[in-house]
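Structure first, then comments.
The values are calculated or read from the model by the stated rules, or taken from the named source; none is laboratory data. This one's a predicted model, so the numbers in the text were calculated from it and none came from an experiment. Positions of Cβ are backbone-derived with ideal geometry, glycine not excepted, and every protein chain shown enters the neighbour counts. Surface accessibility is based on the protein's heavy atoms, side chains included, excluding ligands, DNA and RNA. Shrake-Rupley method; radii C 1.70, N 1.55, O 1.52, S 1.80 Å.
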Amino acid sequence: MITSWNGKPYHSLDYMLKERFGEKVYKVTLNGGMSCPNRDGTIGHGGCIFCSEGGSGDFAASAALSIHEQIDSQIAMLSAKRPIHKYIAYFQAYTNTYAPVPYLEKIFQEAISHPGIVALSIGTRPDCLEDDVVELLSRLNMVKPVWVELGLQTIHESTAAYIRRGYPLSCFEDSLKRLRAAGLEVVVHTILGLPGESREDMLATMDYLNARDIQGIKLQLLHVLKGTDLAYDYLAGKFKVLERTEYIDLVADCLEHLDPSIVIHRVTGDGPKDLLIAPLWASRKREVLNLLHHRLKERQSFQGKASESV
Ligand code: SF4
């Protein structure tokens, strides 16, 4: 079936937000000042092999500011370029449920009490979602929508061990069930191009997620960033990064494997240019998106012609 999402050939986040909130909504990227158990020694010291010093939150505001100050400073920057009325508070850096519940309640309440904020998005690990945290998120979800972003990256345990993810797939499954039982929306982060994974391995991750109760997905291109252990392996020639055409075909394949009701939050990457070692084509994001849209439209028109001729 060919579906059109306001000109985009897939169910994009932008489309979903306009449908849900009646206008374009932007994210403000916040820093709750938390760490990560995979960095502070609780689970590991080095963190995930691809994770930058900024805890995969290199665009987040400074944790030295209060949450309202962070929101206001980001709104001032974003709204200087165009009129914007609605924002999502996105807690991105490190693990945003890795703190005592009273602290989490304080910062999340501060975020949703801001008049410009229409929803809360919280990036975290499935092993940092104890029942009292889920209960808190569920209460906040009664005030404004809350979605939880889980960094799964892959379903394959051997890759998970290489990237030092630090939890098994069963942990993801357990957290997903509890989040859904509490009425929270779940967005899953995946990485395409992890060392040792074939196209079939990556599509197996898509098929697995397609059979789960998830509401959104991020398809993230593997970035090799300066200062990471992944960069050492890359510079030692232990693996290759994806070429642009390979990546575009892969994303198109993934989108074909996913149910159209799953919202696609990302189809490329947002790695900081000053840290990016490879692939360098990733920094020309607009070109990547244009090529992807072109490829998807080609495939859809081919499918349309094929079904007409049946
Ligand atoms: S869980 Fe997130 S913040 Fe922690 S090491 Fe992995 S990518 Fe970095």
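Give the relative contact order (percent, whole number) for the chain; include only Cα pairs under 8 Å separated by 6+ residues. Before the final figure, lay out the partial values.
Values: 492 pairs, mean separation 54.1, N = 310.
Taking the mean separation of contacting Cα pairs over the length of the chain, I get 17 percent.
Only loop residues by DSSP count here, and only those with at most 14 other Cβ atoms within 10 Å; note down the trypsin sites (Lys or Arg not before Pro) in region 14-122 that meet that.
Listed in order of number, the matching sites are LYS24, LYS81.
Leaving ligands, DNA and RNA out of it, work out the accessible area of CYS36 with a 1.4 Å probe and give it in Å² to the nearest 10.
The accessible area comes out at roughly 20 Å².
For VAL143, VAL241, what's the largest-to-smallest order of accessible area, 1.4 Å probe?
Ranked list, largest accessible area first: VAL143, VAL241.
In region 218-296, which trypsin sites (Lys or Arg not before Pro) are in a loop and have at most 15 other Cβ atoms within 10 Å, using DSSP for the loop call? Display every interim value, and only then the final one.
Values: sites: LYS218, LYS226, LYS238, LYS240, ARG244, ARG266, LYS273, ARG284, LYS285, ARG286, ARG295; in loops: LYS226, LYS238, LYS240, LYS273, ARG284.
Qualifying residues, ordered by number: LYS226, LYS238, LYS240, LYS273, ARG284.
Ordering HIS85, HIS257 by how much accessible area each has at a 1.4 Å probe, largest first, what is the list?
Solvent-accessible surface, decreasing: HIS85, HIS257.
Pull up the DSSP beta bridges for the chain and report the antiparallel fraction as a percent, rounded to 5. If you can, show how the numbers build up before the last one.
On the way: 3 of 35 bridges.
Of those bridges, close to 10 percent are antiparallel.
How large is the accessible surface of SER35 in square angstrom, using a 1.4 angstrom probe and rounding to the nearest 10?
Counting only protein heavy atoms, the figure is 50 Å².
For the chain, give me every cysteine whose Cβ has no other Cys Cβ within less than 4.7 Å, ordered by residue number.
Result for the chain is CYS36, CYS128, CYS171, CYS254, no neighbouring Cys Cβ within the cutoff.
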